[in-house]
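Right, one structure below, let's go through it.
The values are calculated or read from the model by the stated rules, or taken from the named source; none is laboratory data. Remember, it's a predicted structure, so these values are computed and weren't measured experimentally. Please note: Cβ atoms are built from the backbone with ideal geometry, for glycine as well, and neighbour counts cover all protein chains shown.
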Amino acid sequence: MDVTKALDTLRAEAPGCALVAFTDLSTGLVLSSSAAGAVGQEELDVLALAAQDVLLGTVGEGAQALFAGGTEMPPGTGITLTRKEARVYLRSPAGGFEALACLCAPGADLGTVAARGRETLEAILFGHGAGEGG
């Protein structure tokens, strides 16, 4: 699975998603990213550290209300919101330290970002699904 292509596809298919970073939670490093414009290393570093704080802590529990129809948010998912942006964080379903951090516009459909992000993360890690022409 080409990680950069998978991240580009996710960003293209999730309206309002301006930046996607594939991170290593154990080191706090961004391994690969896709952005709508130029992004400095400092911004990527801040996003990776935020992913550590959110996914290795309990912030995800507070995001349950954002999912319509009482749908539970999968484990390893966190969301933070400000007036200027929304961030979706997704941890490896295998319990590993790989994660995606998605920086979005405040009005983005975060349920779609999370669902497509989870598919993309699984495709990157397990080599199937998103980005393989199917």
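Below is a table of values for the structure above.
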read-out: Tally of residues being closer than 12 Å to Cys17 by Cα and of a type outside the set (D, E, K, R) across the stretch 83-101; value: 3
read-out: Members of the stretch 1-21 that are under 15 Å from Cys104 (Cα atoms) and touching a strand residue (DSSP E or B) at 6+ places or on another chain (Cβ under 8 Å); value: Leu7, Asp8, Leu10, Arg11, Ala14, Gly16, Cys17, Ala18, Leu19, Val20, Ala21
read-out: Enumeration of residues in the stretch 22-41 that are touching a strand residue (DSSP E or B) at 6+ places or on another chain (Cβ under 7 Å) and outside any strand (DSSP E or B); value: Leu25, Ala36, Val39
read-out: Lone unmet requirement of (1) within 12 Å of the chain's Cα centre (by Cα); (2) under 19 Å from Gly96 (Cα atoms); (3) of a type in the set (Ser, Thr, Tyr) for Ser34; value: (2)
read-out: Looking only at the stretch 21-71, and only at residues there that are under 18 Å from Pro93 (Cα atoms) and charged (D, E, K, R), the one that is modelled with the highest pLDDT; value: Asp24
read-out: Contacts under 8 angstrom Cβ, first residue in the stretch 14-43 being closer than 13 Å to Arg87 by Cα and in contact (Cβ under 8 Å) with a residue 12 or more places away in the chain, partner of a type in the set (Val, Ile, Thr) and assigned to a loop (DSSP other than H, G, I, E, B), 6 or more apart; value: Leu19/Val39
read-out: Selection within the stretch 22-45 - of a type in the set (Gly, Ala, Ser) and closer than 18 Å to Asp8 by Cβ; value: Ser32, Ser33, Ser34, Ala35, Ala36, Gly37, Ala38
read-out: Residues located in the stretch 108-121, provided they are of a type in the set (D, E, K, R) and either more than 12 Å from the chain's Cα centre (by Cα) or on the phi > 0 side of the Ramachandran plot (or both); value: Asp109
